[in-house]
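What follows draws every value from the coordinates through simple rules; no lab data is involved. Keep in mind that what you see is a predicted model, and the values were worked out from it rather than measured. In this analysis, Cβ positions are derived from the backbone assuming ideal geometry, glycine residues included, and neighbour counts consider all displayed protein chains.
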Amino acid sequence: MPMKYLCLIYLNEDEMDVMPTREMDALNVAHLDFNDELRKTGHFIEAEALAPGRATAKIRVRKGQVGITDGPYAESKELVAGFYLIDAEDMEEAIAIASRIPSAPLATIEVRPTRQLSVADRAGAEGGGKREIAKQPEGARIPWHS
C-alpha cells in the first residue's frame, strides 16, 4: 500500500538570487516536466515552490498571545524553497523519486514519511474508540503519540 512522503527542497537563497534568468527558467521547466512525469506514474500528490525566506513570517502562540517575527525561522544559508508530496511504496522508492527532483543537484532534499494521527474519542461520538485522521500503512512506526 503506498504511503505519503514529503520531500523538502533546501536551497541556498544567496545562490538562487544570483542565478541567471535563463538557468532559473530552465530549472522551472524541468520541475514542471517532472511534475507531469510523476502524475503519469501515479506518484504525484502536490508540489509547490515557496517564496524566499525573507517573505516569511513566523508565529509563536504562547499563553494565548501570538508573537510574529518577519523572516526565516532558521539562521541558515539553506532554507526550504519548495516541496513535493508524493506517494511511494516505501522509503527506498521515495528516495529514488526524490533523487530525480530537478533541483536535487543544487539542493539538499529531505525525505520524510507522513504519519497517522489517531485521537481517542473523548466525546463518545458514534462508533466510539479512536478517530483516524490520516491513513498509515500497517507496520509503520509512529514516533510521536499520546
Checking region 9-68 for trypsin sites (Lys or Arg not before Pro) in a loop per DSSP with at most 14 other beta-carbon atoms within 10 Å yields 63
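Please pull out the direction-averaged projected area of region 1-57, using the convex hull of its alpha-carbon atoms, in nm² to one decimal place.
Working: hull surface 20.4 nm².
That works out to 5.1 nm².
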Among the aspartates and glutamates, select those whose C-alpha is under 16 Å from the C-alpha of residue 77, and discard any that sit fewer than 8 residues away in the same chain. 13, 14, 15, 17, 110
Quick check on region 1-119: take the gyration tensor over C-alpha atoms, sort the square-rooted eigenvalues as a ≥ b ≥ c, and tell me if it's rounded (a/c under 1.5), prolate or oblate. oblate
